[in-house]
Amino acid sequence: MRLQAALARQASTAEERAGALQDLEAGLGRAAHLIEQLLAMARLDAEPTGRLEPVDLLSLAKTVVVEQSPIADSKALDLGLLSGEPATIAGDPTELRALLDNLVGNALRYTPTGGRVDVEVRQTETGAVLAVSDTGPGIPPAERRRVFDRFYRGADAAAPGSGLGLAIVRRIADRHHARIDLGSSENGSGLRVTVRFPSVRAGV
């Protein structure tokens, strides 16, 4: 960022200055995102699990989809919530919001222009299921265990990122006694992340 700021100061034309400032703004955005992720992980490591309360995953998913729609629109992505039913779990609303924000944010980041991202919530006999599917490059089976490691980024990762998003998701899932599965989307490509939460009675 210091280099980008220096380039902006030294620019001889308005076009060069505008380009340098644009690069600087992008760098600041990446730095801010990394700091937010580091703080989130530090809080999860330091704080004990708080008091759990009933959380409607479907309502939470609607909120996240609406708030991330502008990002999807900027990439011409079809972001939507599949028809589902209310699914209540015992959890920390703030942590669950961070989990879903990271899953949807990752899907939007790695899905190419014109692709699709679907969020699904359903209730089962054993608990609630939250799934986020995309039409991006997916994750090779050999790397699916490692992507939950902190700062790990696959060899083919093209989009910018900190390598902390899925680590945060796993940490929050563990705190809620939930299980995460990684697979391919229904069409055989892309990535489908499924989080299975225990029933309210089992999770309290």
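For this structure, a couple of remarks:
- Residue that is of a type in the set (Val, Ile, Thr), within 11 Å of the chain's Cα centre (by Cα) and under 13 Å from ARG116 (Cα atoms), where the choices are VAL65, VAL104: VAL104
- When GLU36 is tested against the conditions (1) closer than 30 Å to ASP149 by Cα; (2) modelled with pLDDT of 80 or more, the lone failure is (2).
- Qualifying residue in the range 52-68 (condition: surrounded by 12 or more Cβ atoms within 10 Å (Cβ to Cβ), among the hydroxyl-bearing types (Ser, Thr, Tyr) and closer than 14 Å to ASP134 by Cα): no
- ARG17 vs. criteria loosely packed, with under 12 Cβ neighbours inside 10 Å and either more than 30 Å from ASP174 (Cβ to Cβ) or assigned by TED's automatic domain parsing to the domain that holds ALA98 (or both): no
- Subset of the range 147-172 (residues that are modelled with pLDDT under 85 and under 23 Å from ALA46 (Cα atoms)): VAL147, PHE148, ASP149, ARG150, PHE151, TYR152, SER162, GLY163, LEU164, GLY165
- When residues of the range 74-101 are limited to those that are out of contact with any strand residue (DSSP E or B) (no Cβ under 8 Å at 6 or more places or on another chain) and over 21 Å from GLU53 (Cβ atoms), the one modelled with the lowest pLDDT: SER83
- Those residues of the range 107-124 which are over 14 Å from the mean Cα position of the chain (by Cα) and under 16 Å from ASP56 (Cα atoms), in sequence order: GLU120, VAL121, ARG122, GLN123, THR124
- Matching residues, the range 101-140, being without any contact (Cβ under 8 Å) to a residue 60 or more places away in the chain and assigned to a helix (DSSP H, G or I): ASP101, VAL104, LEU108, ARG109
The values are calculated or read from the model by the stated rules, or taken from the named source; none is laboratory data. It should be emphasised that the depicted structure is a prediction, and the values quoted were computed from it without experimental measurement. Quick reminder, even Gly has a Cβ in these numbers, built from the backbone with ideal geometry, and neighbours come from all protein chains shown.
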